[in-house]
Structure formats: structure tokens, C-alpha cells
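The next block holds one structure in the form of C-alpha cells; read it before the comments.
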Protein chains: 2
Amino acid sequence: MATDADHGGQMPPEPSTERRPARAVNTAVQVRDALRDAILKGEYLPGERLVEAQVCERMETSRFTVRAALADLAGEGLVEVRRNRGAHVRKVSMAEAVEITEVRMMVEGLIAARAAELVDPDRATELDEIGVLMRRAVEAGEHRRYSDLNQRLHALVQEIAGHATADRIVETLRGQIVRHQYMLSLVPGRPETSLPQHERIIAAIRDRDPKAAEAAMREHISSVVEALRAIDYPGS
Amino acid sequence: MATDADHGGQMPPEPSTERRPARAVNTAVQVRDALRDAILKGEYLPGERLVEAQVCERMETSRFTVRAALADLAGEGLVEVRRNRGAHVRKVSMAEAVEITEVRMMVEGLIAARAAELVDPDRATELDEIGVLMRRAVEAGEHRRYSDLNQRLHALVQEIAGHATADRIVETLRGQIVRHQYMLSLVPGRPETSLPQHERIIAAIRDRDPKAAEAAMREHISSVVEALRAIDYPGS
DNA sequence: TGCTGAGCAATTGTTGACAATAATGGGAAA
DNA sequence: TTTCCCATTATTGTCAACAATTGCTCAGCA
């Protein structure tokens with residue numbers, strides 16, 4: 001629980017990269033969440049140094065609190081702290097992004113299978129509805145809407161599966177690669193590729209077929225891995 | 001209170017469970033590691049409160065450092081800190097232990113498959129050797145030795161797979177359920193059940209058959225889940 | 001006897017200052 | 001002009017003290 005990550009998932013973080021003062025943030029968890037949001041939104045770039053004093057000023061809080069927040073985020077894999085060298089926004093390489101997505105593939109496979117076992121008629125209907133909306137969004141070329149539906153689909157599947165541990169892991173992993181996922185969403189023709197995959201996932205869960213659901217989910221994320229590998233820009 | 005919890009890792013850690021002063025531990029990471037060891041060894045019981053001042057005294061360090069260590073361990077899921085209520089050793093219920101093991105099953109499946117793809121003749125030989133030693137240990141009834149070999153096997157498979165992300169996840173998850181795993185090792189007839197499973201895993205990796213390796217690993221950990229469910233003691 | 005609530009002790013949350021360490025820049029020698 | 005070394009500076013690591021919160025004890029009352 002906690003970390004209900006409704007942070008900017010797969011879609012662009014709007015170029016509003018101006019650093020607003022972010023007023024009146026006090027407690028440790030608030031600072032942590034605010035800082036996470038800031039990183040996820042791209043207000044701090046990967047590799048950028050997070051000087052404690054600066055973050056203090058921005059969050060209007062003390063170094064102690066900032067430090068605690070930084071430690072937390074390090075645990076989530078969002079920042080990297082090296083002794084006496086301060087905290088940096090973790091720069092996940094393409095290779096790491098692939099690894100992370102591979103692990104996610106396995107865990108989301110478990111979630112999909114579990115969802116297929118536990119789904120009830122109401123939820124099944126809900127899934128089908130999302131499927132219909134997704135197809136419409138793709139046909140209309142509404143990428144933003146499709147991306148939102150994508151998140152809704154995964155969230156619903158998680159909810160049906162009710163596997164808290166798997167959810168936690170997936171959420172943590174997802175946070176680490178938002179940037180790469182964003183790059184992915186720019187690849188042309190991506191929705192057309194993923195739509196049928198999503199539809200297969202939905203169908204398998206609706207039909208209460210755990211093996212098929214897992215296979216479909218894995219196939220889906222496997223294609224994400226492929227796409228990631230295909231981008232394969234250098235450095236970083 | 002509660003000084004003797006003489007179970008640790010996978011096997012009993014010798015009954016020397018007196019809380020030694022743990023001399024000269026200073027830096028933050030040292031304190032963190034020492035505290036983690038203490039928890040994993042069962043020197044602190046699940047649910048037990050970790051009063052900062054007491055830990056300070058034991059580790060011979062300041063509250064600041066202890067606090068940082070506790071935050072880290074909270075990130076690993078070993079302790080739970082509630083605001084204004086202090087830190088407790090996290091008490092993972094049987095249901096949670098099952099969930100955690102399920103996720104581990106998926107990720108270790110990935111590791112096994114990857115190992116089967118990447119194994120080289122030298123490592124294959126090493127795997128076979130461990131397999132032979134395991135069989136001998138079971139036949140001789142040397143449970144402790146078998147347990148050690150079990151860890152060595154998993155470690156070697158991880159090394160072959162070279163999947164840092166998966167390793168990290170598995171390690172974190174493993175840490176959260178050491179206690180339950182220890183309970184498991186007490187179940188009579190467990191080695192006899194798991195030996196053939198381990199042998200199948202080894203064979204599949206040696207034969208460079210990723211699918212079989214994943215299936216074998218999943219079957220293995222799936223049987224662990226079953227055993228866990230079978231224990232199913234109340235409470236906690 | 002059981003319950004309520006105020007006061008108290010114990011424990012955690014927070015702050016600011018100080019020490020230790022790494023990054024920076026300038027000056028001297030080759 | 002380039003390179004190396006040392007002093008300076010910026011930044012993090014650590015600490016001890018103070019403030020705030022929690023849970024508990026025990027007196028008083030129904």
C-alpha cells in the first residue's frame with residue numbers, strides 16, 4: 001500500500017519543467033512523495049546531483065527530513081547515494097531497463113494468472129469495457145487516452161489479483177523506468193502492436209484461463225522488451 | 001525480554017543467542033548490516049520493538065545512525081516504522097510468506113531460464129557436482145549440509161544467469177521470510193521431496209533448456225509454497 | 001469492580017551546529 | 001603553456017540537545 005503511484009505513467013510529463021517552489025511541505029513522507037513526483041516528472045534529470053541544501057530550500061524543510069526522503073528513494077531505486085558524494089538521480093541504462101522489464105514480465109504474469117483465477121463477472125465486464133475503449137482510442141489515434149486506458153487495465157488486473165506483494169514489486173520496478181517507458185510511447189505504431197496483446201490478456205482473464213493469461217501478459221511485456229532493445233540509444 | 005530466538009537463516013545458528021555487545025560498530029552501513037544480521041539471526045523476534053536508544057547502546061553509535069539504518073531496513077521490508085510509534089521487526093504472516101514465495105517463484109524461474117541460456121561447460125560441471133553432493137547429503141541424512149548446498153546451488157544459478165535486477169529482488173524477498181524458511185527446514189521428509197526437484201533444475205540448465213529450467217524451478221518453489229501452506233500455524 | 005481522564009515517563013521527531021570528506025581553483029615549477 | 005600540489009570551499013556525515021507525541025499509571029468516580 002502507500003505509494004499509490006498515480007505519477008505520470010507512460011505519457012509525456014508536459015514540458016513544464018520549471019522548478020516551482022513547491023510550498024509548505026513538511027513531514028518526511030510528504031517530502032519523500034514530493035521528491036519522487038519531481039523525479040518521475042523529470043524535473044530532476046537522470047544523473048543530476050541532488051544537493052541536500054538545495055532540496056531543503058525547495059521543499060522548505062530541514063536537511064534531516066530531506067536525508068530521510070533520499071534514503072527512502074534510494075531504497076526504491078530512484079536515487080543513488082554514495083557515501084560522502086551525495087545523492088544523484090539514478091541513471092538506469094538501457095540494459096538495466098531491459099532487465100527491470102524482464103522481471104516485471106514475470107511478476108505481471110503471476111498477477112495476470114491470479115486475476116484469471118479470481119475474476120468475477122462484474123470485473124470481467126469491466127475488463128471488456130476497457131478493451132472496447134482501447135480499440136476505439138487506437139482507431140481514433142488518441143494516444144494519450146490509450147495510454148491512460150493501459151494504466152487502468154493494468155491497475156484493474158492488479159486489483160482483481162489482489163496480490164499485495166506482487167503489486168509492490170511491480171510498482172517499484174515501474175517507477176524506475178518511467179523515462180524509458182515514455183521513450184517507448186513515442187515509437188510510432190506502438191499502440192497498433194500492443195492493442196491485440198491487451199485484448200488477448202483481457203480475453204484470457206475473462207475466460208478464467210490462468211495459463212493463457214500469464215502467457216498473454218508475458219508475450220505483451222516481452223514485446224515491450226523487444227521494443228526497448230530496438231531503441232537502444234547509446235550512452236546513459 | 002525475549003533474548004532467545006535461536007533460529008536463523010535456514011538452519012539454527014548455534015544456541016549462542018546471547019546478545020553480545022557487538023563492539024565498535026560505527027558507520028551507517030555497518031550499523032545497518034549488523035542490525036540486519038541480528039534480525040535475520042533471530043536475535044530480535046518478529047513484532048519486537050526496536051527502541052532507538054537501546055539499539056544505539058548495543059551498536060555503540062548515535063541515534064542518528066540507528067535511525068538511518070532502520071529506515072534502510074524498512075525499505076527492505078525487514079522492519080516496519082510507524083510515525084511516532086517506533087520501529088518493529090516486521091511480522092510477516094503466513095499468507096504474506098506465501099505471496100512472497102510466489103513472487104520469488106516467478107523471478108527465480110526467470111533466473112533459471114536465463115542460466116540455461118548462458119551456462120558454459122565449466123559451470124555445468126560445477127552444477128552437476130553440487131547435485132551429486134546434494135544426493136549424498138540427503139542419503140547420509142546431513143540436513144545442515146544439504147541446506148548449505150541448496151544455498152550454493154541457488155547462488156551458482158544466479159551467478160550463471162548474471163541478472164542483477166532479478167538477484168536484487170530475490171535477495172530482498174528471501175530476507176523477509178528467513179524465519180518461515182527455517183520452519184520449513186524442520187518439516188520431516190522435506191529434503192527427500194526437494195532433491196529430485198533440484199536435480200531436475202540442474203539437468204535442465206546443464207542441457208541448456210530454458211523452458212525446462214524455468215518449469216523445474218517453478219515446480220520446486222511451488223512445492224515450497226505448498227509446504228508453507230501445510231504448516232499454516234495460526235496467528236502472527 | 002470497572003471506567004474515565006489527567007498527569008507523567010518514555011520514546012520518537014526535529015533542529016542547528018560542528019567535524020570530516022570530497023570537489024575546486026589558483027599558483028608555482030618544469 | 002601544461003602539470004602538479006596545496007589551500008580553499010562546498011557538501012555531506014555525525015552528534016547532542018530540544019520539542020512533540022504516545023502510551024501508561026493511577027487517582028477519582030459511577
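The values are calculated or read from the model by the stated rules, or taken from the named source; none is laboratory data. It should be emphasised that the depicted structure is a prediction, and the values quoted were computed from it without experimental measurement. Virtual Cβ from ideal backbone geometry, glycine too; neighbours counted across all protein chains shown. We work out accessible area using only protein heavy atoms, side chains counted, and drop any ligands, DNA or RNA first. Shrake-Rupley method; radii C 1.70, N 1.55, O 1.52, S 1.80 Å.
Some notes on this structure:
- The stretch B:164-195: number of residues that are more than 13 Å from chain A (Cβ to nearest Cβ), of a type outside the set (A, V, I, L, M, F, W, C) and open to solvent by 60 Å² or more (accessible area, probe 1.4 Å): 3
- Scope the stretch A:37-82; condition open to solvent by 20 Å² or more (accessible area, probe 1.4 Å), under 25 Å from B:LEU70 (Cβ atoms) and under 20 Å from the mean Cα position of the chain (by Cα); matching residues: A:ASP37, A:ASP72, A:ALA74, A:GLY75, A:GLU76, A:GLU80
- Test: residue in the stretch B:152-161 that is charged (D, E, K, R) and at pLDDT 95 or above: yes
- Verdict on A:GLU129 being away from chain B (no Cβ under 13 Å) and without any contact (Cβ under 8 Å) to a residue 24 or more places away in the chain: yes
- One residue from A:ALA161, A:ALA116, A:ALA87 being crowded, with 22+ Cβ neighbours inside 10 Å and within 16 Å of DNA strand C (Cβ to nearest atom): A:ALA87
- Identification of helices (runs of 4 or more DSSP H) wholly contained in the stretch B:143-215 with 2 or more residues that are acidic (Asp, Glu) yields B:143-161, B:164-176, B:190-206.
- Residue within the stretch A:112-124 that is within 17 Å of the chain's Cα centre (by Cα), outside any loop (DSSP other than H, G, I, E, B), modelled with pLDDT of 95 or more and not charged (D, E, K, R) present: yes
- If you go through the stretch B:63-83 and keep only what is within 10 Å of DNA strand D (Cβ to nearest atom) and within 16 Å of B:ALA53 (Cα to Cα), you end up with B:ARG63, B:PHE64, B:THR65, B:VAL66, B:ARG67, B:ALA68, B:ALA69.
- Of all residues in the stretch B:35-94, those satisfying the criterion of being among the polar types (S, T, N, Q) and over 12 Å from B:GLN176 (Cα atoms) are B:GLN54, B:THR61, B:SER62, B:THR65, B:ASN84.
- Selection within the stretch B:70-106 - of a type outside the set (A, V, I, L, M, F, W, C) and within 20 Å of B:GLU43 (Cβ to Cβ): B:ASP72, B:GLU76, B:GLY77, B:GLU80, B:GLY86, B:HIS88, B:ARG90, B:LYS91
- Scoring A:PRO191 on the criteria (1) modelled with pLDDT of 95 or more; (2) farther than 30 Å from A:ARG32 by Cβ leaves a single failure, condition (1).
- Residue in the stretch A:53-79 that is nearest to the other protein chains (Cβ to nearest Cβ), counting only those that are away from DNA strand C (no atom under 13 Å from the Cβ) and free of Cβ contacts under 8 Å to residues at least 60 places away in the same chain: A:GLY75
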